[in-house]
Amino acid sequence: MFSSAEIGSYRSQGYVFAHGLFTTAEIDRLRKTAKADHELDAHAFGRDDGEGGSVRLSLWNHPVDDIYGMFSRNRRIVDRVEQLLEDEPYHYHSKMIMKQAVTGGAWAWHQDYGYWYENGVLAPNLCSVYIAVDPATHENGCLQVIDASHALGRLTHLQVGEQTGADPERVAVIAERLPTVYCEMQPGDALFFHPNLLHRSDQNHSNQDRWALICCYNARQNSPYKEGRHPAYTPLSRVDSGAILAFDGATTSGRRDSFVSNARDRETQTISGR
Ligand SMILES: O=C(O)CCC(=O)C(=O)O
């Protein structure tokens with residue numbers, strides 16, 4: 001569980017690391033499964049990043065009895081998210097960010113709540129958990145966050161043609177006043193971050209993939225007031241800490257109906273010319 005100092009850090013900075021949250025054996029299992037998973041691949045979609053690259057991801061709404069569910073339903077994550085939300089968390093969605101070596105695309109500065117607000121979510125009481133599947137470094141386009149930017153509240157997100165991101169004029173000023181932090185991580189490390197925290201990442205010009213599983217949770221009392229792309233409150237069946245290695249490799253087919261494959265998903269649209 002998070003200590004009170006770690007919870008304080010999340011409240012003041014908008015994020016908190018849990019280094020080594022998952023062991024090498026656990027994350028190896030996830031990586032091997034994901035990189036050979038035809039269903040995950042078949043449901044992946046991409047968007048141009050406006051810089052000659054493309055972001056690629058696969059996104060699903062409901063966790064099931066598969067290796068991804070053993071992570072997103074794992075008490076090591078969900079119990080911690082409960083501490084941060086101070087409410088019962090439910091699974092809002094998960095996504096595998098498949099930032100591939102050499103050609104992996106960039107993500108524009110944005111706040112997750114910039115999009116989720118549009119889905120009828122009233123309060124920014126959600127939490128995203130970035131789990132490093134591959135090493136994430138400066139070279140392969142690790143996540144960058146603007147320290148304490150969550151305290152600025154939700155910014156306007158603008159569309160430029162087909163692309164969407166936080167208002168670039170405002171982001172430029174914010175980036176001058178608050179430090180940008182490069183979140184370099186090892187496989188198995190996790191970053192818990194607030195939905196109003198500004199974040200982005202660069203293209204991957206290295207020879208090393210930078211895949212990440214991002215699990216997003218909403219608070220039960222913050223269930224959206226209207227139907228949107230992601231579910232309303234649905235009880236989350238937590239699994240014990242040991243469930244990842246104990247998992248017997250059952251079918252992933254239950255997830256199929258839950259994939260969100262809309263290539264025009266606003267959450268993947270970016271602004272060029274950052
Ligand atoms: O993985 C990244 O670099 C960014 C992903 C992201 O910002 C998102 O999924 O909202």
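Worth pointing out:
- Residue count for segment 1-29, restricted to those that are closer than 27 Å to LEU197 by Cα and either among the aromatic types (Phe, Trp, Tyr) or part of a helix (DSSP H, G or I) (or both): 15
- Residue within segment 69-86 that is at pLDDT below 95 and either assigned to a helix (DSSP H, G or I) or of a type in the set (A, V, I, L, M) (or both) present: no
- Contact map, segment 191-204: residues that are farther than 16 Å from PRO89 by Cβ and in contact (Cβ under 8 Å) with a residue 12 or more places away in the chain paired with residues that are more than 10 Å from the ligand (Cβ to nearest atom) and of a type in the set (Ser, Thr, Tyr), Cβ distance under 7 Å, separation 6+ or inter-chain. Pairs shown: LEU191/TYR15; ASN196/TYR113; LEU197/TYR15; LEU197/SER149; LEU198/SER149.
The values are calculated or read from the model by the stated rules, or taken from the named source; none is laboratory data. Everything numeric here is computed off the predicted structure, so don't read it as measured data. No Cβ is skipped: glycine too gets one built from the backbone with ideal geometry, and neighbour counts run over all protein chains shown.
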